[in-house]
Each structure stands twice: as structure tokens, then as C-alpha cells.
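Comments concern the structure below.
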Amino acid sequence: MKIIKKTIRWVVGVFFASTILSVVALRFLPVYVTPLMLIRCVEQAQEGRSITLHHHWVSMEKISRHMPVAVMASEDQRFLLHHGFDYDAIEKAAKRNAKGGKNKLGGSTISQQTAKNVFLWPGRSWVRKGLEAYFTALIELIWSKQRIMEVYLNSIEMGDGIYGVDAVAEYHFNTTAAELSRSDCALIAATLPNPRRFSSKSPSDYMRKRQKRIEHEMKFIPTFPREGEDYDPSTAIGGVYRNGK
């Protein structure tokens with residue numbers, strides 16, 4: 001029994017030490033590959049397709065100012081206000097999903113999605129959800145909001161074999177992340193519920209409608225503050241910033 005207890009303590013200690021060190025290291029280092037990227041490569045090989053992985057790491061200074069505004073408008077309007085978990089959104093999603101229907105509403109914040117993309121694997125098990133909550137709390141504690149957004153925009157899946165905003169800018173818009181227009185960013189954000197089903201390269205009428213809705217919502221989101229720039233949560237109206245433009 002003592003050996004078992006000792007082993008458990010050792011495993012738990014190694015887990016916490018390694019995960020905390022990983023989060024600290026990635027506060028400063030670029031994230032060049034994620035578990036999801038590797039999983040998709042294996043899936044492509046199993047399906048007999050050629051392995052495709054397009055990913056370019058770029059700093060926030062090389063990403064259009066419209067891009068973080070677009071994903072906040074689409075995915076997480078309270079990103080600058082919460083500490084990793086939007087309990088209002090979770091409650092609304094739970095009530096909506098309890099009614100049934102094909103389209104399930106998600107309550108994940110950008111912080112949660114970043115934690116899942118960088119440290120974990122796709123899935124809905126309670127174990128993965130628990131680890132997602134743990135890593136979300138860690139990155140909110142150790143990283144800045146700017147760093148979370150930077151990693152999110154560089155690691156999120158944005159098409160089949162395409163990861164990050166600079167890669168999608170090149171392969172779907174023939175430009176760079178820095179040169180994406182407001183409309184381009186809204187269209188990219190419109191695909192994020194399912195970027196392998198919804199294409200920003202060949203958008204359907206449904207995607208164009210989502211794009212227009214997101215562009216409208218972007219009017220109520222401020223220009224995202226870059227590292228070193230200040231923002232004041234007290235200016236939020238109804239939980240959403242207004243940019244006054």
C-alpha cells in the first residue's frame with residue numbers, strides 16, 4: 001500500500017510539474033505543432049490521402065487588427081472580461097442543448113479552445129473536459145490575454161490541413177495575415193464552428209450570411225489590445241465592449 005501511495009504521489013507530482021513547466025515555456029515559445037495537427041496527419045494517411053499540413057507561426061504584430069475582433073465577435077464576445085470560463089454562455093448552451101435539435105450550441109471560450117488545441121485532443125469525455133478546465137485555468141493564470149489570442153490564432157484549424165491565420169490567408173485569400181481585410185476576417189471567423197465543412201475559400205450562401213452577421217457584431221467589439229497596450233473592462237456595455245466607431 002505504501003508503494004502504491006508513493007507511486008501515485010510521484011505520478012501526480014510529475015504531472016503537475018511537467019504541465020506547469022510546459023505552460024510557462026509556451027508563454028514565450030512559438031507553438032509549431034499541436035496534437036490535433038498530428039491526429040489529422042494520421043487520419044489523412046489512414047484514408048490514403050497525401051499528408052497536408054500548412055502552418056506558419058506569426059506574431060500578433062503580423063496579424064490584421066480585424067482578426068481578433070472577428071473571432072471575439074463570433075466565438076467569445078466576453079473574452080477580455082472573463083477569466084477563462086463564460087458561465088453565462090455555458091448556462092445558455094446547456095438550456096439550448098437540453099431542448100434537443102441537431103445543432104448543439106457550444107459554450108467554450110477562446111481560452112478553453114486554446115487549451116484544447118495546444119495541450120489536448122478532440123473529444124467529449126469527462127477526462128478530457130477536466131484536463132481542458134485545468135489547462136484553461138493555467139494559461140489564464142500564466143499567459144496574458146494577448147498571448148492566448150496569439151496562440152489561438154496561430155493554432156486553430158481553419159481548413160482541411162490548414163492551421164492558423166497566416167496559412168489560411170495564403171491558401172484561401174492569396175495574401176498574408178497582416179493584409180486580411182475586415183470582411184476576410186469575418187468570413188474566416190464564420191467557418192470556425194466546423195472549418196473542414198465550411199470553407200472560407202468557396203463560401204456558401206449560408207457562410208455569407210454568417211459573415212455579415214459577424215461583421216455587424218464586430219461593431220460592438222473594441223480593437224484588440226496588443227502586448228503592452230491597456231484596456232479598461234469598466235467600459236463594457238452589456239458584457240461587450242463598444243469601440244465608438
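Are there any pairs with C-beta distances below 9 angstrom linking a residue in segment 162-174 that is without any contact (Cβ under 8 Å) to a residue 12 or more places away in the chain to a residue that is of a type outside the set (Asp, Glu), with the two at least 6 apart or on different chains, and if so which?
Close Cβ pairs (under 9 Å, with a partner that is of a type outside the set (Asp, Glu)) do not exist here.
What pairs can you find where one residue is in segment 42-64 and without any contact (Cβ under 8 Å) to a residue 60 or more places away in the chain, the other is open to solvent by 50 Å² or more (accessible area, probe 1.4 Å) and outside any helix (DSSP H, G or I), and their Cβ atoms are less than 7 Å apart, with a gap of 6+ or different chains?
ALA45/ILE51
With a cut-off of at least 2 residues that are modelled with pLDDT of 95 or more, closer than 19 Å to MET207 by Cβ and open to solvent by less than 10 Å² (accessible area, probe 1.4 Å), name the helices (runs of 4 or more DSSP H) lying wholly within segment 127-192. Walk me through it before giving the result.
Details: elements: 145-155, 165-173, 182-191.
Because the criterion is at least 2 residues that are modelled with pLDDT of 95 or more, closer than 19 Å to MET207 by Cβ and open to solvent by less than 10 Å² (accessible area, probe 1.4 Å), the helices (runs of 4 or more DSSP H) in segment 127-192 that meet it are 165-173, 182-191.
Condition first: at pLDDT below 95, in a loop (DSSP other than H, G, I, E, B), more than 23 Å from LEU38 (Cα to Cα) and among the basic types (Lys, Arg). Can you find one or more residues in segment 217-237 that meet it?
yes
Checking ARG213 against (1) free of Cβ contacts under 8 Å to residues at least 60 places away in the same chain; (2) under 18 Å from TYR32 (Cβ atoms), which single condition isn't satisfied?
Here ARG213 clears every test but (2).
Show me the helices (runs of 4 or more DSSP H) entirely contained within segment 1-88 in which 3 or more residues are farther than 17 Å from PRO225 by Cα and either at pLDDT below 95 or open to solvent by less than 70 Å² (accessible area, probe 1.4 Å) (or both).
Correct list: 2-25, 35-46.
Going by what's in this entry, would GLY123 be described as surrounded by fewer than 18 Cβ atoms within 10 Å (Cβ to Cβ), assigned to a loop (DSSP other than H, G, I, E, B) and modelled with pLDDT under 65?
Working: surrounded by fewer than 18 Cβ atoms within 10 Å (Cβ to Cβ): yes; assigned to a loop (DSSP other than H, G, I, E, B): yes; modelled with pLDDT under 65: no.
Taking the combined requirement at face value, the residue does not satisfy it.
The values are calculated or read from the model by the stated rules, or taken from the named source; none is laboratory data. Just so it is clear, the model here is predicted, and its values are computed rather than measured. When we count neighbours, we look across all protein chains shown, and the Cβ atoms used for this are built from the backbone with ideal geometry, even at glycine. Ligands, DNA and RNA are excluded from the accessible area calculation, which covers all protein heavy atoms including side chains. Shrake-Rupley method; radii C 1.70, N 1.55, O 1.52, S 1.80 Å.
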